[in-house]
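Asks: One structure follows; several queries about it will come next.
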Amino acid sequence: MKVWIIAWKDIKIRLKDRKGMALFLFLPILLTAILGTALNGVLTDDTNSMPKMTIAVYNADAGEIGTRLIEDVLQNERLASNITIHSFTSKEKVELQVIEGKNDVGLIIPQDFSQKIGAAESTQLEVLQDQGKPLISQFVRSIVTSYANRVGAVAKASKEVTTQLANPKQTAAAVSVNFESLAAEVIGQLGEAAGSEDSFVVDQPIGKKAVSSMQYYAAAMLAMFLLYNATVGAKMIINERSTETLARLMNTPTSKTSILLGKYVGTLAFSILQLLIFMGATNAAFGVNWGENVLQSIVIGLTYAIAVSGLSMMIAAMIANEQAVETISGLGVQILAALGGSMVPITVFPDFMQKIAHITPNTWALNGFIDSMSGTTWQALLLPSVVLLAIGTVTLLIGTLRLRYQ
Amino acid sequence: MLKVDNLKKSFGNREVVRGVTFSVNKGESFGLLGPNGAGKSTTISMICGLIESSSGDVTVGGVSINKNPMEVKRKIGVVPQDIALYPTISARENLYFWGRMYGLSRVEAKKRTEEVLEIVGLQDRAKEKIENYSGGMKRRINIGAALMHKPELLIMDEPTVGIDPQSRNHILETVKKLNQEGMTVIYTSHYMEEVEYLCERIAIVDQGLVIASGTKAELCNRLVGATSIQIKVNVSSPELIDTLGTIQNVQSVKADGELITIYTSDARQALGDAVALVVQSGLQVLSVDVQEPNLESVFLQLTGRTLRD
């Protein structure tokens, strides 16, 4: 019970410290916003860096390939939030929309587009561009060109194959095949494949999805600012010693172990509070998705909180001077944060640096958060969780034992 | 109430407390007087169970600190020499916290907090953070924190260091009142006048030992010829000095120009005789001053040093 009384007192002291609250709650949220926005698109998911655009479309094609271009390519799951399609019934209307600036780009799909592609004949998509918006035009042009080229290439290859197979000089086994329907089927399937979302995936993330820069820096800032609790917790113990309140606590009928555990639980509880507030705030303010199963991020956060709270006890046991802890707080945390990938993604570091980084708890925490966000399994989170718990337990034991006999 | 039996404490090779023995009765106000570094605070720390003694024992209400330290701690309230409060939370929150640490329930602690705020006279400033308090106000809350659990024994270690006279008076009055209400008090100080004012019995501590103890009168009676009478006359007279030396119970007479100092064990009789002799000799008495013996002079005689050395 007294453990909680001491812990609650410490939490209250920290909550009343406006400067500390700004540092621990407001600053990481602000930095997440700045870094997440400034470095948007640098990481694997570039949909957030893509400008919003409207496309006026006239689809004169009666076939499937033109429809697929609109529905499966331009309106697929990843692009739909950035591209708005407005359909029109004539080329002139589309031109007018672009000229009047009502739509950013115009796209004309010719009448026999599917048929000509299927026959591997020449056909042309028209992209009408607003001169003032070259980047958007370029973007749309590259998407539709890429699609048309791939479908066209597949069609040509299919036609060639079926032509060869239809030749009576070829193998007898092929005689019974309906080559026209086979060709149509192949073109259809490959066209679908060409237009599928998977075609645009460049990197293979650890989980099912890549994380956005906002997600990355939310995790990075959380890993960095939770780490500060190790030094703040240590400072609170040292401060308690230097202001004689520790001696006064020892005069009360309270065991040393309860006092030390109270200090530990105070740091742990504040870290958890900070974790939950930060996750909630970044989700509400910037839509940061902490993973499809947010419990995974919370579990990583909790084990990390245990690790930093344990570290606080060890630091307090090793360092008697508040000034020295200040230095560690200022410089040490920055170094660990940089090494652990909180400033720039750890993947840009050389291999040996990435290996060294694993001695820091924040590296394990950050990797755990990123994995959770990208939809990893519980099994994959076992290692970072166990490592963080081990760091927390060992440092708590060392710190408590040393402090008990000081 | 309290028995301190041959308490010793060494730090390395240095023996700081060298066998302190004294006892305090229930409801008594007991003073530990001694200069800085005499071993008072170390003795107090051992009584409170804050540091372990090298040898000896302390019992509070019959409970040994060595055998049951938690039980002893419940009976004691300690006012440390330094301000041991949390500066960034309010006085009310501080008192509540210390009450809870002494085992009071939430309801008890809240109720007692208001009572203690009244005792120390700071109800109207209770919401303010300690860091905004004056030194004297901090000292008052520092005492209040030790009163939260209504201790049987209140131990105060130099509680008035570095504060203004008004706060000092308030603290002294508060302690006096608590003692009159039945609380046993141990008061340590190197301010002789505070100990004299508050304490019925006094132990004088020096170099880790109790060198004398008793009531103030008992201690002062140990001094022979400790009362001094200073008479200022208009003209110096060596013959008069010799005559004054013949008065009964006068131990010695010294002259410094026109100022004559007479040391005696019976000031009342010696004063009348001395003034009469001065007048008979044809000299004029310009002023008379009688100085009773005090703890300072007792300490001076016992150690050859003053309390503030």
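Each value in this text was obtained by applying a stated rule to the coordinates, not by laboratory testing. Keep in mind the model is a prediction, meaning the values are calculated, not measured. We place every Cβ from the backbone using ideal geometry, glycine too, and count neighbours over all the protein chains shown.
Asks: Can you tally the net charge around residue B:168? Count Lys and Arg as +1, Asp and Glu as -1, for every other residue whose Cβ sits under 9 Å from the Cβ of residue B:168. If you can, show how the numbers build up before the last one.
Replies: Values: positive: B:139; negative: B:164, B:194.
Once positives and negatives cancel, what remains is -1.
Asks: Tell me which residues come under 5 Å, amide H to amide H, from residue B:29 once H is placed; ignore anything under 5 positions away on its chain.
Replies: It is B:185, B:200, B:201, by chain and number.
Asks: Now a separate question. Can you put A:6, A:143, A:277 in order of Cβ neighbours within 10 angstrom, beginning with the fewest?
Replies: Numbers: A:6 24, A:143 19, A:277 14.
Fewest-to-most Cβ neighbours within 10 Å comes out as A:277, A:143, A:6.
Asks: Shifting gears a bit: Using a cut-off of 21 Å between alpha-carbon atoms, which lysines can reach residue A:93, once sequence neighbours fewer than 8 places away in the same chain are excluded?
Replies: Cα-Cα hits under 21 Å: A:102, A:133.
Asks: Give a quick list of GluC sites (Glu not before Pro) in the range A:233-321 that DSSP marks as loop, anything other than H, G, I, E or B, with at most 15 other Cβ atoms within 10 Å.
Replies: Taking the range A:233-321 and a limit of 15 other Cβ atoms within 10 Å, the loop GluC sites (Glu not before Pro) found are A:292.
Asks: Follow-up. Could you calculate the contour length gain from residue A:54 to residue A:241, that is, 0.36 nm times the residue separation minus the distance between their Cα atoms, to one decimal place in nm?
Replies: 60.8 nm
Asks: Can you put A:308, B:185, A:57 in order of Cβ neighbours within 10 angstrom, beginning with the fewest?
Replies: In order of increasing Cβ crowding within 10 Å: A:57, B:185, A:308.
Asks: List residues of the range B:183-211, by number, whose backbone nitrogen lies under 12 Å from a label position 7 Å along Cα→C-beta of residue B:217.
Replies: Once the point is set 7 Å along Cα→Cβ of residue B:217, nothing inside the range B:183-211 turns out to lie under 12 Å by backbone N.
Asks: At a threshold of 8 angstrom on Cα-Cα distance, excluding pairs fewer than six apart, so keeping six or more, what relative contact order does the range B:2-218 reach in percent?
Replies: For the range B:2-218, the relative contact order is 31 percent.
Asks: If each of residue A:86 and residue A:292 carries a label point 7 Å out from its Cα toward its Cβ, how far apart are those two points in nm?
Replies: The answer from the label model is 3.6 nm.
Asks: Oh, and also: Where in the range A:53-139 are there trypsin sites (Lys or Arg not before Pro) that are in a DSSP coil and have at most 15 other Cβ atoms within 10 angstrom of their Cβ?
Replies: Those that pass, being in a loop and sparsely packed, are A:78, A:102.
Asks: So what is the relative contact order of the range A:265-386, in percent, for Cα pairs below 8 Å that sit 6 or more residues apart?
Replies: Averaging sequence separation for qualifying contacts and normalising by length gives 36 percent for the range A:265-386.
Asks: Could you work out how much longer the chain between residue A:257 and residue A:138 gets when fully extended? Use 0.36 nm per residue separation minus the Cα distance between them, nm to one decimal.
Replies: My answer for the length gained is 36.1 nm.
Asks: With both bridge residues required to lie in chain B, what share of the DSSP beta bridges run antiparallel, to the nearest 5%?
Replies: 70
Asks: Output the pairs from A:235/B:75; B:75/B:176; B:40/B:110; A:9/A:235 with a Cα-Cα distance over 22 Å in this structure; if there are none, say none.
Replies: Listed pairs above 22 Å: A:235/B:75; B:40/B:110.
Asks: Can you tell me the Rg and Dmax of the protein assembly as shown, counting just the alpha carbons, in angstroms?
Replies: Radius of gyration, then largest Cα-Cα span, for the protein assembly as shown: 43.7, 165 Å.
Asks: Here is a follow-up. Compute the long axis of helix B:91-101 from its Cα atoms, compare it with the longest principal axis of the Cα atoms of chain B, and write down the angle in degrees, 0 to 90, nearest 10.
Replies: 70
Asks: Now a separate question. Which FRET efficiency, nearest 0.05, do residue A:394 and residue B:114 yield, Cβ-Cβ r, R0 41 Å?
Replies: Details: r = 46 Å, r/R0 = 1.11.
Once rounded, the FRET efficiency stands at 0.35.
Asks: So how far apart, in nm, are the two label points at residue A:121 and residue A:153 if each is 7 Å from Cα heading toward Cβ?
Replies: 2.4
Asks: Between 0 and 90 degrees, rounded to the nearest ten: what's the tilt of helix B:165-180 against the longest Cα principal axis of chain B?
Replies: Compared with the principal axis, the helix lies near 80 degrees.
Asks: What's the FRET efficiency of residue B:232 with residue B:197 using the Cβ-Cβ distance as r and R₀ = 22 Å, to the nearest 0.05?
Replies: That gives a FRET efficiency of 0.15.
Asks: Follow-up question, since we're still on this one. Take A:147, A:304, B:96, B:197 and order them by how many other Cβ atoms sit within 10 Å, fewest up front.
Replies: Ascending Cβ contact count within 10 Å gives the list B:197, A:147, B:96, A:304.
Asks: Net charge within 9 Å of residue B:96 by Cβ-Cβ distance, Lys/Arg positive one each and Asp/Glu negative one each, not counting residue B:96 itself?
Replies: +4
Asks: Quick one: if the Förster radius is 60 Å, what FRET efficiency do residue A:100 and residue A:378 give, using the C-beta to C-beta distance and rounding to 0.05?
Replies: Using R0 = 60 Å, I get an efficiency of 0.65.
Asks: Among the trypsin sites (Lys or Arg not before Pro) within the range B:12-111, which fall in a DSSP loop and have no more than 11 other Cβ atoms within 10 Å of their own Cβ?
Replies: Within the range B:12-111, the qualifying trypsin sites (Lys or Arg not before Pro) (loop, at most 11 other Cβ atoms within 10 Å) are B:67.
Asks: So for the pair residue A:284, residue A:23, with labels modelled 7 Å out along Cα→Cβ, what separation do we get in nm?
Replies: My value for the distance between the label points is 2.5 nm.
Asks: For n ≥ 4 DSSP H runs only, could you compute -39500 (n - 2.57) per run for chain B, divide by its residues and tell me the 222 nm figure to the nearest 500?
Replies: It comes out at -11000 deg cm²/dmol, rounded to the nearest 500.
Asks: Oh, and also: May I have the extent of the alpha carbons of the range B:2-218 along their three principal axes, as whole Å values ordered from largest to smallest?
Replies: 46, 37, 34
Asks: Relative to the compact globular guide of 2.2 N^0.38 Å, what is the alpha carbon radius of gyration of the range B:245-302, as a ratio?
Replies: So the range B:245-302 has a normalised radius of gyration of 1.22.
Asks: Let me ask something additional. Can you tell me the length gained on complete extension of the stretch residue B:180 to residue B:13, counting 0.36 nm per residue apart and subtracting the Cα distance?
Replies: That pair, residue B:180 and residue B:13, stretches by 55.9 nm at full extension.
Asks: Along the range A:217-229, what does the Karplus equation 6.51 cos²θ - 1.76 cosθ + 1.60 (θ = phi - 60°) give for ³J(HN,Hα), rounded to whole Hz, x for Gly and Pro?
Replies: So the Karplus estimates, Gly and Pro as x, are 6, 5, 5, 5, 5, 5, 4, 6, 6, 5, 5, 4, 5 Hz.
Asks: Just add up the charged neighbours of residue B:284: K/R +1, D/E -1, any other residue whose Cβ is under 11 Å from the Cβ of residue B:284.
Replies: Working: positive: B:232; negative: B:258.
The answer is 0.
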